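Reviewing the structure listed below.
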Amino acid sequence: MTQDRIDDVWGERTPHARGTEWPTRVDLHLHDGVREEEVERWVQSACLLCSNGCGVDIAVKDGRMVGVRGRATDRVNHGRLGPKGLYGSTPWASSPDRLTRPLVREDGRLVETDWETAMGRIVAESTRLLEEKGPLSHGFYTSGQLFLEEYYVQAVVGKAGVGTPHMDGNTRLCTATAAAAFKESFGTDGQPGAYDDIEHCDAVFLYGHNMAETQTVLWARILDRTRGEDPPKVVCVDPRRTAVAEEAERTGGVHLRPRVGTNLALMNALTREVLENDWVDRDYVEAHTIGYDDLVATVAPYTPEEAERICGTPADDVRRAARIFGESEAVLSTVLQGFYQSHQATAASVAVHNLHLLRGMLGRPGAGVLQMNGQPTAQNNRETGADGDLTGFRNWDNPQHVRELAEQWNVDPMTIPHWAPPTHAMQIFSYAEAGTIGLLWISATNPAVSMPESARIRRILGGDQCFVVVQDLFLTETAELADVVLPAAGWGEKTGCFTNVDRTVHLSEKAVDPPGEARSDLDIFVAYADAMGFTDEDGEPLVKWRTPEEVFDAWREATRGRPIDYTGLSYDKLRGPSGIPWPVDEEHPDGTVRLYADGVFPTQTEVCETFGHDLVTGAAHTEEEHRALRPDGRAFLKGAPYSPPHEEPSEDFPLRYTTGRTVYHFHTRTKTGRAKRLDDAAPDAWVQLCASDAEARGVADGDWVLVESPRGSIEVRARIGPVMEGAVFAPFHYGHWDPTGLCPDAETRQANELTMTVWDPVSKQPTFKTAACQVTKVRTDERRR
């Protein structure tokens, strides 16, 4: 299929009935005038521009990536690709502003140099800090876009080489709450459901998840069910009237529009309704859960009328949504940033699990939960421990788990920092701000745009108190502030694996060579480990692997016996027609479509990844407290009371500011901003407010407005649209890099100038969606000032 996908985002419909296979539709796009018959070879991969993980083949001609096509045989996408995947996968690779040589800062300027000089500076500073201050002087902040093998090596280098607990990734911004919620409810991370559940469900609940823009292929899959025979009802929880909300209304479902920051009050009301109407699988609850009585008491005050008072959502809509959940045979729930990046994030996400546990809706076709990821390899970051978790879904507080890992790496267990919880990203940047962290290594991410309170982040990165290393494809807003910049190879220019939301593992083969002197992130981390002389207890190199496949084989052993078991996988096995969902082992040689089909959860004290937390305060439970509960493979039903957000509207800032995404861009546009079709479709930032709020401020569609919060301001165009009254929505993608030349600096359009440095007490995920703001009309001119 080659139809335009800018206007027709989801492509042609292929409707089908419940319980039948999703039909195949192969999407293809070639750029630079290349015709399909001119493609010299097609190279196996998977799309890296959202978390869906669509199987693709990369088109190669004259040593260049010239396009992609969806893989018809892949279980994830059945040949389809979204606009970002089609138009943004390859143009960036040949962009003239690619980094091709290392850069070092001289007299305040970044200048080109050779690898020996650049790595020499890093090693010299790293060695000095380790000798003078020890391993707590180092911090690593990585991505959700590297390959599994690269994360694993980074985890080994950071935990067993440097020995620092200061490791995290920008997955903290997008998917930390998903991992935390799984651990709190089920004992370890890992998605219970599967994309295949779309074909079998009779209701789909989307909580804070604008799937129509964030995972377009998955939304096309839902549309093909809702337009076929025996369609599912859709229930949408979102303060904006998105395409998902419209489909909810069309299918006889419900659009629930809670005020920003009130998700937990709504979830408590939905749970109370399920309990009050006895839509409970009591046999399942008795056999497979603990905590029922406490949950009943927690949600008792949250009547539909109380939810309406707190959330602004009509009580009858709450009742209707609860009835759909309670009377459906099989419900699929998906959750994303509208919950993760909002107030009481983990508690609200855990409440989704509570509903499924109360109804016994896990582990069977159509009945599942997908706590979605925001990035394509966020799952691998969590699995390997590059984000701060202990490798292989192990428990920091379990000495046996630490010993297992130490044996795997052949190091003293005390080398692996486990005396305190791993440091989350928000705290890492605070330590860098204070100079406690003297070396901060940032790989494949752009915190100068993506982190909250942007002005503060720029001050931290640009200050003299911390030596900043950045490895990336381009001179991003973050790289511009670094002391050393390392040119990295990107997708299609290296080999490695990545795992998507429903645990499907894909192999991405190298298609072309990277430009100039750019190196893979794996090679960069190995070079650093070698230069630092990191060794194991036998005096052998700590990082013994030199190829991605060697790293993968080592990683497999690190997962043996854990819930995330990869031991049945290999590169050869992954070179098949489709990706394979873990666990893959002797018991499940072909992978595992759904977890917990037997109702047994990895909650045993000896097995679990965490001993749990108080959902209100974030206080960690001890091993003794966990053991006293005797979970014995049963899931936890956990509740929490609602509390107001950190920052409520005021006289000076009467509106609620929330950030999100637009369908045409991925993260900070490092790749999609260099794809002409996508940049033309969404070249500049904007904010959306409802008609009544706009009228009260004299704002018309297209006017330039000043948006202010207690932390900063931006100047962007206004869009009048279906966001709820009192709310303002802004896409977060835009920094000061701007190929159109319309935006001269970061402050004028960077959404995170306004957001807060606060985070969820359990997941430590920043709260991007509950700031107070004001909107003022500036002018109607065509160009920005």
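The values are calculated or read from the model by the stated rules, or taken from the named source; none is laboratory data. Nothing here was measured: the structure is a model prediction, and the numbers come from that model. Please note: Cβ atoms are built from the backbone with ideal geometry, for glycine as well, and neighbour counts cover all protein chains shown.
If you take just the helices (runs of 4 or more DSSP H) that sit entirely in segment 360-470, which of them hold at least 2 residues that are within 18 Å of the chain's Cα centre (by Cα)?
In segment 360-470, 378-384, 425-434, 447-450 are the helices (runs of 4 or more DSSP H) which contain 2 or more residues that are within 18 Å of the chain's Cα centre (by Cα).
Quick check on my filter: what residues within segment 220-241 are over 25 Å from L264 (Cα atoms), outside any loop (DSSP other than H, G, I, E, B) and not aliphatic (A, V, I, L, M)?
The answer is R221, D224, R225, T226.
Does R69 fit the bill of being assigned to a strand (DSSP E or B), of a type in the set (K, R) and within 29 Å of the chain's Cα centre (by Cα)?
Yes: the conditions hold for R69.
Hey, can you tell me all the residues within segment 697-713 that are touching a Ser or Thr at 6+ places or on another chain (Cβ under 7 Å) and closer than 26 Å to G312 by Cβ?
Correct list: R697, V705, V707.
In this structure, is T346 under 30 Å from L173 (Cβ atoms), among the β-branched types (V, I, T) and not in a helix (DSSP H, G or I)?
Considered against the rule, which asks whether it is under 30 Å from L173 (Cβ atoms), among the β-branched types (V, I, T) and not in a helix (DSSP H, G or I), T346 comes out as no.
Would you mention how many residues in segment 171-203 are under 14 Å from the mean Cα position of the chain (by Cα), among the charged types (D, E, K, R) and farther than 27 Å from P452 by Cβ?
0
A345 - would you say it is surrounded by fewer than 23 Cβ atoms within 10 Å (Cβ to Cβ) and either of a type outside the set (D, E, K, R) or free of Cβ contacts under 8 Å to residues at least 24 places away in the same chain (or both)?
no
So in segment 718-742, with the set limited to residues that are farther than 16 Å from V260 by Cβ and surrounded by 19 or more Cβ atoms within 10 Å (Cβ to Cβ), which one is modelled with the highest pLDDT?
Applying the filter and picking the extreme gives A718.
Under the condition of being within 24 Å of the chain's Cα centre (by Cα) and polar (S, T, N, Q), which residue from segment 592-610 is surrounded by the fewest Cβ atoms within 10 Å (Cβ to Cβ)?
Across segment 592-610, the extreme among qualifying residues is T592.
Considering only residues that are in a helix (DSSP H, G or I), small (G, A, S) and over 11 Å from G208 (Cβ atoms), which ones fall in segment 322-338?
Scanning segment 322-338 gives A322, G326.
Looking at R250, R240, can you tell me which residue is closer than 15 Å to C311 by Cα and either surrounded by 19 or more Cβ atoms within 10 Å (Cβ to Cβ) or of a type in the set (D, E, K, R) (or both)?
Selected residue: R240, the only one of R250, R240 that is closer than 15 Å to C311 by Cα and either surrounded by 19 or more Cβ atoms within 10 Å (Cβ to Cβ) or of a type in the set (D, E, K, R) (or both).
Here are some residues: G158, G134, G108, G120. Which one is closer than 20 Å to V411 by Cβ, surrounded by fewer than 23 Cβ atoms within 10 Å (Cβ to Cβ) and of a type in the set (G, A, S)?
After ruling out the rest, the residue left standing is G134.
Answer yes if at least one residue in segment 644-660 is more than 17 Å from A771 (Cβ to Cβ), of a type outside the set (S, T, N, Q) and either within 30 Å of the chain's Cα centre (by Cα) or assigned to a loop (DSSP other than H, G, I, E, B) (or both), and no otherwise.
No: segment 644-660 contains no residue that is more than 17 Å from A771 (Cβ to Cβ), of a type outside the set (S, T, N, Q) and either within 30 Å of the chain's Cα centre (by Cα) or assigned to a loop (DSSP other than H, G, I, E, B) (or both).
Does at least one position in segment 463-484 carry a residue that is in contact (Cβ under 8 Å) with a residue 40 or more places away in the chain and farther than 30 Å from A124 by Cβ?
Taking every residue of segment 463-484 in turn, none turns out to be in contact (Cβ under 8 Å) with a residue 40 or more places away in the chain and farther than 30 Å from A124 by Cβ.
Are any residues in segment 473-488 touching a helix residue (DSSP H, G or I) at 6+ places or on another chain (Cβ under 6 Å) and surrounded by fewer than 24 Cβ atoms within 10 Å (Cβ to Cβ), and if so, which ones?
E477, L481 - these are the residues of segment 473-488 that are touching a helix residue (DSSP H, G or I) at 6+ places or on another chain (Cβ under 6 Å) and surrounded by fewer than 24 Cβ atoms within 10 Å (Cβ to Cβ).
Counting only residues that are of a type in the set (A, V, I, L, M), give me the helices (runs of 4 or more DSSP H) lying completely in segment 116-198 with at least 3 of them.
148-156, 176-186
Filter segment 743-755 down to the residues that are assigned to a loop (DSSP other than H, G, I, E, B), at pLDDT below 95 and hydrophobic (A, V, I, L, M, F, W, C) and list them by number.
C743
The rows are residues; the columns are (1) among the aromatic types (F, W, Y); (2) on the phi > 0 side of the Ramachandran plot; (3) surrounded by 24 or more Cβ atoms within 10 Å (Cβ to Cβ).
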position: V162; (1), (2), (3): no, no, yes
position: N170; (1), (2), (3): no, no, yes
position: L173; (1), (2), (3): no, no, yes
position: A180; (1), (2), (3): no, no, yes
position: S185; (1), (2), (3): no, no, yes
position: G190; (1), (2), (3): no, yes, yes
position: H200; (1), (2), (3): no, no, no
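Tally up the residues in segment 626-643 that are farther than 21 Å from G190 by Cβ and in a loop (DSSP other than H, G, I, E, B), please.
Going through segment 626-643 one residue at a time, the tally reaches 6.
If a residue has to be in contact with a helix residue (DSSP H, G or I) (Cβ under 6 Å, 6 or more places away or on another chain) and not in a strand (DSSP E or B) to count, how many in segment 494-526 make the cut?
Final tally of qualifying residues: 5.
Residues of segment 537-584 being of a type in the set (D, E, K, R), surrounded by fewer than 18 Cβ atoms within 10 Å (Cβ to Cβ) and not in a helix (DSSP H, G or I), which ones?
E537, D538, E540, K544, R546, R560, R575, listed by residue number.
What do you reckon, is Y195 under 16 Å from Q337 (Cα atoms), surrounded by 24 or more Cβ atoms within 10 Å (Cβ to Cβ) and among the hydroxyl-bearing types (S, T, Y)?
When the stated conditions are applied, Y195 does not pass them.
For segment 251-261, state whether one or more residues are touching a Gly at 6+ places or on another chain (Cβ under 6 Å) and either among the hydroxyl-bearing types (S, T, Y) or not assigned by TED's automatic domain parsing to the domain that holds R227 (or both).
No, because not a single residue in segment 251-261 is touching a Gly at 6+ places or on another chain (Cβ under 6 Å) and either among the hydroxyl-bearing types (S, T, Y) or not assigned by TED's automatic domain parsing to the domain that holds R227 (or both).
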